[in-house]
Amino acid sequence: MIETNRLYIVDTTEADIEIIMEMERHQDNRNYVWSGTYEDHKAEIEAEDILLFTIKQKADNSVVGFALNRIDFKSDIFELRRIVMSKKGIGYGKEAMEALLKYAFEERKINRFWLDVYPDNHTGIRLYESLGMHCDGILRQNNKSERGYLDQKVYSLLKEEYFQRGL
């Protein structure tokens, strides 16, 4: 378990899958994240290189988000595939991201943390840049969705950058 001031970040169980799917499909999120099936999420829970976390409020233990991550053990790389918060505008996303960075660099001893984001996800981009993440470039028309072919911006943070910034 990862703990912050207001949140618990815990391993997802099969009982959490429906809540995760609801968050993926919610109108505030569906344009920015891929939606998985029940079977997809069950396989993610069981995979050794995937970390699917449920994010809960400490106050009442209710689910307020999730984060899907993949670890490349050979290259010491932590990939944030998705992070979704159901309670927006109160800093939970930043708190969870800071905790994931700390977990990845300090506990998992990874060398590189990275993610991709659609260029129109302005909230996500502001968050990643506020955490000192570097924009590595744009993968042009990298994903086909209901909205058409979409670019993806790649952001990363290296171990030495993390420790230099004191995040």
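No lab work stands behind these numbers, since they all come straight from the coordinates. Treat the numbers as computed from the prediction; the structure is a model and nothing was measured. Reconstructed Cβ throughout: ideal geometry from the backbone, glycine too, with neighbour counts over all protein chains shown.
Points worth noting:
- Diffusion coefficient (Stokes-Einstein, Kirkwood radius over C-alpha pairs, 20 °C, 1.002 mPa s) for the chain: 132 µm²/s, rounded to a whole number.
- 17 Å cut-off, amide nitrogen to a point 7 angstrom out along ASP60 Cα→Cβ, residues in segment 12-28: 19
- Ordering of 14-24, 39-49 by burial proxy (mean other Cβ atoms within 10 Å per residue, highest first): 14-24, 39-49
- Rounded Å value of the spacing that divides the Cα centres of segment 15-87 and segment 130-152: 19 Å
- Cut-off under 5 Å, modelled amide H: who pairs with LEU7 long-range: LYS58
- Couplings for segment 143-159, taken from phi via the Karplus curve 6.51 cos²θ - 1.76 cosθ + 1.60 with θ = phi - 60°, read 9, 9, 9, 4, 8, x, 7, 10, 6, 9, 8, 9, 10, 8, 9, 9, 3 Hz in order; Gly and Pro are left as x.
- At full extension, ARG25 and LEU158 could sit 44.7 nm farther apart than now, given 0.36 nm per residue minus the alpha carbon distance.
- Taking all Cα pairs closer than 8 Å and separated by 6 or more residues, the relative contact order of the chain comes to 17 percent.
- Here the spin labels are modelled as points 7 Å beyond Cα on the Cα-Cβ line, and at HIS122 and ASN5 they lie 2.7 nm apart.
- Sparse packing (at most 11 other Cβ atoms within 10 Å of the Cβ) combined with a DSSP loop state is found for the following chymotrypsin sites (Phe, Trp or Tyr not before Pro) in segment 60-167: PHE73.
- Phi angles of segment 80-88 translate, via the Karplus equation with coefficients 6.51, -1.76, 1.60 and θ = phi - 60°, into HN-Hα couplings of 8, 7, 7, 9, 9, 10, 7, 9, 10 Hz per residue; Gly and Pro are given as x.
- Only the Cβ atoms of Lys and Arg (+1) and of Asp and Glu (-1) were treated as charged; on that basis the dipole of segment 23-167 about its Cα centre amounts to roughly 340 debye.
- Database remark: amide H of ASN69 closer than 5 angstrom to the amide H of LEU51, LEU52, PHE53, ARG81 (H placed geometrically; neighbours at sequence offset of 5 or more, or on other chains; Pro and chain starts carry no H).
- Under 5 Å between amide hydrogens, built in the peptide plane, is the criterion, and for LEU150 it picks out ASN142, ASN143, LYS144, SER145 among residues at least 5 positions away or on other chains.
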